[in-house]
Amino acid sequence: MSNARSLRSVVALVAVAVLSLFLFGSAQAQDGEGEAFSGTLRFGGEPVEGVRISVVDAAGEAVGEAVTGADGRWRIELPGPGTYRATIDTDTLPEGVTLRDPERQTLEVTVTAGRSRPLIFALGEPVSRGPNVGEKLAQAVLNGVKFGLIIAMCAIGLSLIFGLTGLINFAHGELVTLGAILAWYFNADTFGAPLILAGVLAVVVAGAAGGGVEFSLLRPLRARRLGMFQFMVVTIGLSLLARHVMLLFFGPDRERYIDYALQAEWTFGPFAVTPRDFTIMALSAVILIGVAVFLQRARTGKAIRAVADNPELAESSGIDVDRVVLVVWVAGAALAAVGGVFFGSVEAVDWLMGFRLLLLMFAAVVLGGLGTAYGAMVGGLLIGLVTEVSTVWASPEIKAVFALGVLVLALLVRPQGILGQRERIG
């Protein structure tokens, strides 16, 4: 069986397993985590200090209270799972600061075992009525395009590495995390550099790290002619090692970049987008177009396509295959880091962000067609759209299920992927 068929089988099995996990009780709590409410109060982009929040249980018995600190944060530990009511004391709000929706002064929330639930008490002017289904769908499409562009950019390297070497790189998600965490260190933790400069430095370092892994570890192993299964175990080991090293240095908390955190939205009909998100979408599109032009026009890009089509013939034609593979590793790691910085800007930075995106990247690669950058682009956009549009009718917590469901259906109808080619066995 070919490498491509093996990868499709692996991804399909993992997708089915994840679907089963979500549908039949995946929400079990992790041991050692306590139940709690937490949040951050901000008004006009600034933290609000000295506001009291109290919590009572379903019987009305007091559970605890907290006062927001200088950073606006608060946290109340809960005695166990159950239904609780959290109330913000509006008398402790500073002068001129009001609750945006007075009906949300008290929030009733059910907490499951081991889960810490963030609560939002929005401060500011009252908001108008919520959007209708059509407006929600339009906004979800826009969010899906944004998410799909990020997934596509992260998945290009994964697809090209497989196309050139047949390697299923389970450590690719950690390259996404590495880029996001490095940018956070350069921007918010140590150096205080502008996010644009911090992102560029993170991409350079992540690209060098990807090249270092290929040159120092994977190339010698390829020379020893390791099989696909052995390489897969090696990348799984790399993933676990890198993930927990980042946990050791970065910690378990979610962090945010300093720049572009709070911005007013631009409204275009039913669409609303911040300047930051618009810039991310524009830059992602430019980068993807640049990759496509590079593969079609540049000499190195043509060499990459030649090696992906037939490594032996490319080598006999004078192409340095090892150099091409090294270039793809550096470029793929750099693109993954760019995706990590963009995703960290939109959401937040944490040590598991790349791991959570990995299965969606695999889904994009398989759905678009194995081994091609164009397939990863198309597959990433479709996965992003399906993931975000599903939130119009379903809970955002299970949105990945719909993307994986589409993947399974697509494999049943067109196993080679949207832009893939049929394979002949024997």
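Tell me yes or no: at least one residue of segment 340-353 is in contact with an Asp or Glu (Cβ under 7 Å, 6 or more places away or on another chain), among the small types (Gly, Ala, Ser), open to solvent by less than 40 Å² (accessible area, probe 1.4 Å) and not in a helix (DSSP H, G or I).
Yes, segment 340-353 has at least one match.
Restricting attention to segment 60-79, and to residues there that are part of a strand (DSSP E or B) and open to solvent by less than 20 Å² (accessible area, probe 1.4 Å), which single residue is nearest to Glu125 (Cα to Cα)?
Residue satisfying both the conditions and the ranking: Trp74.
Return the only residue of Gly114, Gly124, Gly96 being surrounded by 14 or more Cβ atoms within 10 Å (Cβ to Cβ) and at positive phi. Steps first, please.
Values: Gly124 fails: surrounded by 14 or more Cβ atoms within 10 Å (Cβ to Cβ); Gly96 fails: surrounded by 14 or more Cβ atoms within 10 Å (Cβ to Cβ).
Just a single option satisfies the conditions, and that option is Gly114.
Of all residues in segment 176-195, which are open to solvent by less than 20 Å² (accessible area, probe 1.4 Å), aliphatic (A, V, I, L, M) and in contact (Cβ under 8 Å) with a residue 60 or more places away in the chain?
Of everything in segment 176-195, those that are open to solvent by less than 20 Å² (accessible area, probe 1.4 Å), aliphatic (A, V, I, L, M) and in contact (Cβ under 8 Å) with a residue 60 or more places away in the chain turn out to be Val176, Ala180, Ile181, Ala183, Leu195.
Check off (1) under 16 Å from the mean Cα position of the chain (by Cα); (2) closer than 23 Å to Leu359 by Cβ for Ala183 and give me the number that stays unchecked.
So the condition that Ala183 fails would be (2).
Going by what's in this entry, would Arg225 be described as more than 20 Å from the chain's Cα centre (by Cα) and at positive phi?
For Arg225, the condition - more than 20 Å from the chain's Cα centre (by Cα) and at positive phi - is met.
For segment 371-382, state whether one or more residues are in a loop (DSSP other than H, G, I, E, B), in contact (Cβ under 8 Å) with a residue 60 or more places away in the chain, touching a Ser or Thr at 6+ places or on another chain (Cβ under 7 Å) and at positive phi.
Scanning segment 371-382, I find at least one residue that is in a loop (DSSP other than H, G, I, E, B), in contact (Cβ under 8 Å) with a residue 60 or more places away in the chain, touching a Ser or Thr at 6+ places or on another chain (Cβ under 7 Å) and at positive phi, so the answer is yes.
Whether any residue in segment 251-272 is assigned to a helix (DSSP H, G or I) and crowded, with 16+ Cβ neighbours inside 10 Å is what I want to check. First the steps, then the outcome.
Taking segment 251-272 as the starting set, the residues that turn out to be assigned to a helix (DSSP H, G or I) are none.
Scanning segment 251-272 turns up no residue that is assigned to a helix (DSSP H, G or I) and crowded, with 16+ Cβ neighbours inside 10 Å.
Which of the residues that make up segment 80-108 are touching a strand residue (DSSP E or B) at 6+ places or on another chain (Cβ under 9 Å) and either among the hydroxyl-bearing types (Ser, Thr, Tyr) or part of a helix (DSSP H, G or I) (or both)?
Result: Thr83, Tyr84, Thr87, Thr90, Asp91, Thr92, Thr98, Arg104, Thr106.
Restricting to segment 80-90, name every residue that is farther than 20 Å from Glu103 by Cβ and either surrounded by 15 or more Cβ atoms within 10 Å (Cβ to Cβ) or at pLDDT 90 or above (or both).
Matches in segment 80-90: Gly82 only.
What pairs come out if I take residues in segment 228-253 that are under 18 Å from Ala183 (Cβ atoms) and pair them with residues that are open to solvent by 80 Å² or more (accessible area, probe 1.4 Å) whose C-beta lies under 8 Å away, six or more apart or interchain?
Once the first residue is under 18 Å from Ala183 (Cβ atoms) and sits in segment 228-253, its partners that are open to solvent by 80 Å² or more (accessible area, probe 1.4 Å) give Arg243/Phe355.
In segment 144-193, what residues are in a helix (DSSP H, G or I) and among the aromatic types (Phe, Trp, Tyr)?
Within segment 144-193, Phe147, Phe162, Trp184, Tyr185, Phe186 meet the criteria.
The values are calculated or read from the model by the stated rules, or taken from the named source; none is laboratory data. Just so you know, these numbers come straight off a predicted model, no measurement behind them. Methodologically, a virtual Cβ is constructed for each residue, glycine included, from the backbone with ideal geometry; neighbour enumeration extends over all protein chains shown. Note: areas computed on protein heavy atoms with side chains; ligands, DNA, RNA excluded. Shrake-Rupley method; radii C 1.70, N 1.55, O 1.52, S 1.80 Å.
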